[in-house]
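Where a number appears in this text, it was derived from the coordinates with a stated rule and is not lab data. Bear in mind the structure is a predicted one, so any value in this text is a computation, not a measurement. Using ideal geometry, Cβ is built from the backbone for each residue, glycine included, and neighbour counts are taken over all protein chains shown.
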Amino acid sequence: MIYKRSSQLFSEAQKVIPGGVNSPVRAFKAVGGDPIFVEKAKGAYLFDVDGNRLIDYINSWGPMILGHAHEPVVKAVIDKAEKGTSFGMPTAIETDIAAMAVRMVPNIDKIRFVNSGTEACMSAVRLARGFTRKDKIIKFAGCYHGHSDSFLIEAGSGAVTFGVPNSPGVTEGTAKDTLLATYNDLKSVAQLIAENVDEIACVIIEPVAGNMGCIPPTEGFLEGLRKLCDENEILLIFDEVMTGFRLAKGGVQELYRVNADIVTFGKVIGGGLPVGAFAAREEIMNHLAPLGPVYQAGTLSGNPLAMAAGLAMLTELNENSKIFESLAAKTEYLHKGITKVLSENNVIHTVNRVGSMISVHFSETPVTDFKTAALANNDTFKKFFHGMLAEGVYIAPSAFETWFLCDALTYDDLDQTILACKKVASNL
Ligand code: PMP
């Protein structure tokens, strides 16, 4: 495939946009080469500026669960745009989508809409701190909750009690309030709680992790977290920015039957427009301004175009009860196909999957946390990525990302992907 025009556009972009991109992973730094510039997309396919067609396994990092330019979503946005694009005043559609989300997701009474997953998680933590009147938070190494200061902390070697900022600009003062635990390791959480008695406001987690590749919670892990939080008056925040409205109507709470105190959303809930949200039961949500003292606001929050896209998307997911099974079945088919061709070619690998989230780790050991994810062979991943791209299949340009399937994918697309994988595997 030829990517001449993409490379030209990338050179031009680099002159006026830092690194040529508005979000770092798009720059292909982890895999090398120039990023692909998109012209348009429809269903399961991306069409780039050089005229190439790619089968898309990113789907805008999750939102396009029904495929690109899905007609009811596009129509809803166009209809709304004709009536004005922003008012900074209440509109009825905000209540419509809120009511639908509250019906679909267990254990929440009220929801507030924001403009991104970052904002949702940042606001959820502020609310947890305001509600509990405690300062510290526990997060897990390898989990990503957006680029707000308190989340840009990752584990150093060994057990780290106080976080270390890993982005310049995050102050030591902020970092010291973020404690790091190990994913799928309840003991690491219990230890932090024991060392910080009555100081921890919340535990925030990706209940199925997607930001170190896909990593499912091990049996009993989420239940154990729930218990630890209950015993210590700590709020449990499920960051369902990736998993919400993707793994089940009610997200991970429904799938694993574990209740969270606060849930955050992004991606699918906005139908591809910039939307995030956070939700909880009434006693917690009533702490928010204007009812309560915890301040949170947004000029474009509840934006009519974003709400129209989100409502069209949720309506379809709510009405089509088979969609999550259909997505999981397609992903399982892909999983089996990829495992078969990689094994036949003696490529060391581990595939992790939950529902329609899947990732291939070029690793011998099971991948259960950040440390084991980091053991995977990145050189093999790079070759795999570029090999798949050359075959017309677009997967995440980093080993620490998950692939998201959309329902527009046909079994023919999946067979083409497995065939591509077979060809690539023979050269790995
Ligand atoms: N939480 C999770 C689990 C995410 O995966 C992401 C983004 N990938 C975020 C939060 C941040 O969302 P956004 O990029 O919309 O700010």
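Would you work out the charge dipole size for the range 51-181 about its Cα centre, treating the Cβ of every Lys and Arg as +1 and the Cβ of every Asp and Glu as -1, and quote it to the nearest 20 debye? Mind dumping the intermediate values first?
Values: 14 positive and 13 negative charges, 70 e Å.
Dipole about the Cα centre, nearest 20: 340 debye.
Given the options Gly51, Met388, Asn211, identify the residue whose Cα lies farthest towards the positive end of the charge dipole of the chain (+1 on Cβ of Lys, Arg; -1 on Cβ of Asp, Glu).
Gly51
Between Glu172 and Ala374, what is 0.36 nm times their sequence separation minus the Cα-Cα distance? Round to one decimal in nm. Numbers along the way, then the final one.
Details: separation 202, 0.36 × 202 = 72.72 nm, distance 2.54 nm.
Here the answer is 70.2 nm.
Please sort 224-237, 69-82 by packing, taking for each peptide the average over its residues of neighbouring beta carbons within 10 angstrom, highest first.
Output ranking for 224-237, 69-82: 224-237, 69-82.
Any idea which of Gly20, Ala98, Leu127 is furthest toward the positive side of the dipole for the chain, if Lys and Arg beta-carbons carry +1 and Asp and Glu beta-carbons -1?
Looking along the dipole axis, the top candidate is Gly20.
Multiply the residue separation of Asp96 and Ile78 by 0.36 nm, subtract the distance between their alpha-carbon atoms, and state the gained length in nm to one decimal. Could the numbers behind the result be given before it?
On the way: separation 18, 0.36 × 18 = 6.48 nm, distance 1.82 nm.
Taking 0.36 nm per residue and subtracting the Cα distance, the gain is 4.7 nm.
For Cα pairs less than 8 Å apart in space and 6+ apart in sequence, what is the mean separation divided by the residue count of the range 71-319, i.e. the relative contact order in percent? Before the final figure, lay out the partial values.
Working: 497 pairs, mean separation 75.0, N = 249.
Relative contact order, the range 71-319: 30 percent.
What does the chain give for Rg and for Dmax, in Å, if only its C-alpha atoms count?
For the chain, the Cα radius of gyration and maximum Cα-Cα distance read 21.2, 61 Å.
Per 0.36 nm of contour for each residue apart, how much would the distance between Asp109 and Lys4 grow if the chain were fully extended, relative to their Cα-Cα spacing? Spell out each step's value before the answer.
Working: separation 105, 0.36 × 105 = 37.80 nm, distance 5.12 nm.
Taking 0.36 nm per residue and subtracting the Cα distance, the gain is 32.7 nm.
For each pair in Lys15/Lys75; Lys40/Lys267; Lys340/Lys423; Lys267/Lys336; Lys382/Lys422, compute the distance between the two Cα atoms and list the pairs where it is over 24 Å.
Numbers: Lys15/Lys75 36 Å; Lys40/Lys267 19 Å; Lys340/Lys423 13 Å; Lys267/Lys336 27 Å; Lys382/Lys422 16 Å.
In this structure, Lys15/Lys75; Lys267/Lys336 exceed 24 Å between Cα atoms.
Under a Cβ-only charge scheme (Lys and Arg +1, Asp and Glu -1), can you give me the dipole magnitude of the chain about the Cα centre, in debye to the nearest 20?
Numbers: 39 positive and 48 negative charges, 129 e Å.
The dipole of the chain has a size of about 620 debye.
Would you list the membrane-span-like helices of the chain, meaning whole DSSP H runs whose alpha-carbon atoms span at least 27 Å along their axis and whose mean Kyte-Doolittle value is at least -1.0? List each step's numbers first, then the result.
Working: long enough: 323-344 (32 Å, 0.04).
For the chain, where a helix must reach 27 Å along its axis and average at least -1.0, the hits are 323-344.
Sum -39500 (n - 2.57) across every DSSP H segment of at least 4 residues in the chain, then divide by the residue count to get the 222 nm mean residue ellipticity, nearest 500. List each step's numbers first, then the result.
On the way: 14 runs with 159 residues, N = 428.
Computed mean residue ellipticity for the chain: -11500 deg cm²/dmol.
With the alpha-carbon atoms as the only input, what is the per residue convex hull volume for the range 71-319 in Å³? It would help to have the intermediate numbers written out before the result.
Values: hull volume 30.9 nm³, N = 249.
Per-residue hull volume (Cα only) is 124 Å³.
Which FRET efficiency, nearest 0.05, do Gln416 and Lys15 yield, Cβ-Cβ r, R0 35 Å?
FRET efficiency, Gln416 to Lys15: 0.40.
Nothing charged except the Cβ atoms of Lys and Arg (+1) and of Asp and Glu (-1): what's the magnitude of the dipole of the range 210-298 about its Cα centre? Round to the nearest 20 debye. It would help to have the intermediate numbers written out before the result.
Values: 7 positive and 11 negative charges, 81 e Å.
With Lys and Arg at +1 and Asp and Glu at -1, about 380 debye.
For the range 347-421 and the range 191-205, write down the distance between their C-alpha centroids in whole Å.
Distance between centres, Cα-based: 34 Å.
Check which residues have an amide H placed less than 5 Å from Phe245's amide H, if you skip close sequence neighbours.
Residues meeting the amide H criterion: Gly251.
Calculated FRET efficiency, Glu344 and Arg26, Cβ-Cβ r, R0 25 Å, to nearest 0.05? Intermediate values should be presented prior to the final figure.
On the way: r = 33 Å, r/R0 = 1.32.
In this case the efficiency is close to 0.15.
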